[in-house]
Amino acid sequence: MVIYAYLRVSSDKQDLHNQRHGILEYANIHALSPIQFIEDTVSGREKWSERGVGQLLTQTALESDVVIFSEVSRMARSTLQVLEMLECCVRRGINVHIAKQGMVLDDSMQSRITATVLGLAAEIERELIVLRTTEALAKRKAEGKTLGRPKGRQSAHLKLDTREAEIRSYLAKGISKRSIAKLVDCSPSTLYDWLARKHLHSRHDKLVEKL
């Protein structure tokens, strides 16, 4: 059994120190040692599967290994991503400890029940995101706003560059590419080309992954 501790690196060095201190304090109380610290320098705006934590949870850590997080907020920036990370750990038999919340997911029956609830919560969250997107599109249409790319639009890729943060947010929430194209007023083909150039991918085709 290997014990890993995940640290999300930010520009705030004090935050990194606090994460490490909280994990060490928790590990000392629960006799978890030795610890291998994994520092993740990739921005939290990226999907969890494309950050260091993605490699840790899907490749590095093996069944029965332990991964300690300092707190839920340091795992990911969205509820859905946190749920997906926990689902992944349970599916692969990785024991998860969240120091600040005192949460433990292992192979116990209670953890299996918790994992089932997490899976349902993730599915509900995905459905709500799709519903909110549909309602937003319907509202824009009712207000007379044009959906899709306006005629004669020039430099579409450059204009999408100015909305990169917004598009990344939609991708992280699992919204389909076609819906995103409507939300940012461009054609699906333009968005596909732009995403390919940026090496960005949608989660929409991977939504159904249950326990």
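The values are calculated or read from the model by the stated rules, or taken from the named source; none is laboratory data. Note that the coordinates shown come from a computational prediction; the quantities given were computed from them, not determined experimentally. For neighbour counting, all protein chains shown are included, and Cβ atoms are generated from backbone atoms with ideal geometry for every residue, glycine included.
Quick notes on this structure:
- Qualifying residue in the range 102-120 (condition: assigned by TED's automatic domain parsing to the domain that holds ILE35, surrounded by 13 or more Cβ atoms within 10 Å (Cβ to Cβ), modelled with pLDDT of 80 or more and of a type in the set (Gly, Ala, Ser)): no
- Residue in the range 154-175 that is closer than 19 Å to SER49 by Cα, β-branched (Val, Ile, Thr), part of a helix (DSSP H, G or I) and modelled with pLDDT of 75 or more present: yes
- For the range 160-202, filtering for residues that are of a type in the set (Phe, Trp, Tyr) and farther than 24 Å from VAL82 by Cα leaves 2.
Residues checked against (1) in a helix (DSSP H, G or I); (2) over 19 Å from the mean Cα position of the chain (by Cα):
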| residue | (1), (2) |
| --- | --- |
| ARG20 | yes, yes |
| PHE37 | no, yes |
| SER49 | yes, no |
| GLU63 | no, yes |
| ALA76 | no, no |
| LEU83 | yes, no |
| THR116 | yes, no |
| LEU120 | yes, no |
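- Residue that is surrounded by the fewest Cβ atoms within 10 Å (Cβ to Cβ), among those in the range 122-142 that are small (Gly, Ala, Ser) and free of Cβ contacts under 8 Å to residues at least 40 places away in the same chain: ALA142
- Residue list for the range 11-48, restricted to those being under 30 Å from GLU164 (Cα atoms), of a type in the set (Gly, Ala, Ser) and touching a residue at least 12 places away in the same chain (Cβ under 8 Å): GLY44
- When LEU86, LEU57, LEU62 are checked against the criterion of being modelled with pLDDT of 80 or more, exposed (fewer than 15 other Cβ atoms within 10 Å of the Cβ), closer than 30 Å to GLU25 by Cα and among the hydrophobic types (A, V, I, L, M, F, W, C), a single residue qualifies: LEU62.
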